[in-house]
Amino acid sequence: MEILQSEFVKSSSKIEECPEAKYPEFAFIGRSNVGKSSLVNMLANNKKLAKVSGKPGKTQLINHFLINNNWFLVDLPGYGWAKASKTDKAKWGEMIHDYIIGRENLHNVFVLVDSRLTPQQIDVEFINWLGENGIPLAIIFTKADKQSKNKNQSAIAKYRKVLKSTWEELPPMLLTSSASFEGKEDVLKFIENYIR
Ligand code: GTP
Ligand code: MG
């Protein structure tokens, strides 16, 4: 799939405000600064679509983009931003929870993890929570350009090892870089399989 058309639709602070659920939807989530907005822009060939920032906590709302006039891409706020207040964290948690559990057209959640880090508790817990709630997901390893191929492979292997104890069948895992465009086709193919 090529993305020929991408347009920002709406930012919502809760599920009730989201656009009418009339297209299949794919959401991107992960810790603050992991590269969600950059990945969205890379997939869409549009550097200005989602706001990218060196400072964590840039994306604070549920952002809907309409792609090729037939599916929604959603950029979600990052979880686990250390500097956010407790009240803000609770608010984001509730918003993300309600959206993921309640959004009827949500086909898949892409959980982004930094390929340079060993599995982080917050990510593993979130992945397991999706699994327990029967939400389809795939893990995307970001910033692959920042380290060697070997290190990227070992990052994936570590996740397999950690998840093996709780998962019968491991979720799909994709390696990407928004700088080198690695993995772009894999992610788009993955989405295409759902919307055809
Ligand atoms: P929040 O909206 O704050 O949750 O962050 P985010 O997950 O949307 O991250 P964002 O895309 O804004 O990127 C954070 C920083 O990482 C920026 O400085 C990006 O330029 C950088 N970055 C993101 N993806 C990549 C990548 O694949 N390679 C490299 N080298 N840098 C990246
Ligand atoms: Mg962002």
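Please treat every number below as a calculation from the coordinates, not as lab data. All values reported here derive from a predicted model rather than from experimental measurement. Cβ: placed from backbone, ideal geometry, glycine included. Neighbour counts: every protein chain shown.
Separation of the alpha carbons by more than 21 angstrom is noted, of LYS10/LYS143; LYS47/LYS149; LYS51/LYS143; LYS48/LYS149; LYS14/LYS51; LYS86/LYS164, for LYS10/LYS143; LYS47/LYS149; LYS48/LYS149; LYS86/LYS164. Listed by chain and number, the aspartates and glutamates whose C-alpha is less than 14 Å from the C-alpha of LYS158, apart from same-chain residues fewer than 8 away, are ASP114, ASP123. Normalised by residue count, the stretch 113-153 yields a Cα convex hull volume of 63 Å³ per residue.
Beta bridges from DSSP with both residues in the chain: antiparallel share about 35 percent, rounded to the nearest 5.
Peptides 19-26, 41-48, 130-137, 171-178 ranked from most to least packed by the mean count of surrounding Cβ atoms within 10 Å: 171-178, 41-48, 19-26, 130-137. Exposure proxy ranking for HIS97, HIS107, based on other Cβ atoms within 10 angstrom of each Cβ and starting from the fewest, stands as HIS97, HIS107.
Calculate log10 I(q)/I(0) of the stretch 63-165 for q = 0.12, 0.13 Å⁻¹, where I(q) comes from the Debye formula with a single equal point scatterer on each Cα and nothing for solvent. Cα-only, vacuum Debye calculation for the stretch 63-165: -0.49, -0.57.
Our estimate of slack between LEU188 and ASP98, defined as 0.36 nm per intervening residue step minus the Cα-Cα distance, is 29.8 nm. Dimensions of the stretch 6-195 based on its C-alpha atoms, expressed as ranges along the principal axes with the largest first, amount to 42, 35, 34 Å.
Taking loop as defined by DSSP and a crowding limit of 12 other beta carbons within 10 Å, which chymotrypsin sites (Phe, Trp or Tyr not before Pro) in the stretch 82-160 fit? Of the chymotrypsin sites (Phe, Trp or Tyr not before Pro), not one in the loops of the stretch 82-160 has a Cβ with at most 12 other Cβ atoms within 10 Å.
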